[in-house]
Amino acid sequence: MVRMLLPHTPQYNPTPPPTPTHPAHRSKQLRTRDCVNCTIFLYSKTDPIIEKSHTLRFAPFNGAYPRAAALFAAAALPAAHNHWRRIFDFSKDDVTMPTPHWAFLRTWAR
């Protein structure tokens with residue numbers, strides 16, 4: 001297992017990792033392709049997009065570090081505007097891919 005706290009970026013396109021990963025990420029946009037078995041703790045200013053990916057689990061960003069609030073404000077990422085739950089799956093009708101493509105991490109499934 002790999003845990004990552006990724007820096008703020010306007011857009012994040014992860015390369016499929018060799019092992020399951022659990023990134024905590026804040027961005028204006030998240031796009032994934034060909035990712036498998038990842039848990040993503042996400043802040044996204046726009047709806048996250050997945051494609052050709054499966055067994056992804058999503059939860060809200062949970063990174064805690066000094067000056068986090070100030071850095072979010074400086075990056076124009078308002079805490080109340082987190083779209084982490086609004087997943088758009090480009091491959092939702094692809095029956096050749098394993099399911100589920102994505103789910104909410106059980107703790108946040110409400």
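Each reported figure results from applying straightforward, stated rules to the coordinates on display, with no laboratory input. Just so you know, these numbers come straight off a predicted model, no measurement behind them. Reconstructed Cβ throughout: ideal geometry from the backbone, glycine too, with neighbour counts over all protein chains shown.
So how do 28-34, 42-48, 79-85 stack up, highest first, on mean other-Cβ count within 10 Å? Mind showing how you got there, number by number?
Values: 28-34: 18.3, 42-48: 20.6, 79-85: 13.7.
Descending mean neighbour count gives 42-48, 28-34, 79-85.
State, to one decimal in nm, how far the label point of THR96 lies from the label point of ARG33, with both points 7 Å from Cα in the Cβ direction.
1.6
Each residue of segment 91-96 in turn: what ³J(HN,Hα) in whole Hz from Karplus with 6.51, -1.76, 1.60 and θ = phi - 60°, glycine and Pro shown as x?
9, 4, 9, 7, 6, 7
Convert each backbone phi in segment 31-43 into a coupling constant with the Karplus relation 6.51 cos²θ - 1.76 cosθ + 1.60 (shift: θ = phi - 60°), then list the ³J(HN,Hα) values in order as whole Hz, x for Gly and Pro.
After applying 6.51 cos²θ - 1.76 cosθ + 1.60, I find 10, 10, 8, 6, 9, 9, 6, 10, 10, 10, 8, 10, 10 Hz.
Starting from the Cα-Cα distance between ALA79 and THR46, subtract it from 0.36 nm times their residue separation and give me the gain in nm to one decimal. List each step's numbers first, then the result.
Working: separation 33, 0.36 × 33 = 11.88 nm, distance 1.25 nm.
Extra length available between ALA79 and THR46 comes to 10.6 nm.
Within the set of other residues whose C-beta is less than 13 Å from the C-beta of ARG57, count the net charge using Lys and Arg as +1 and Asp and Glu as -1.
Summing Lys/Arg as +1 and Asp/Glu as -1 gives +2.
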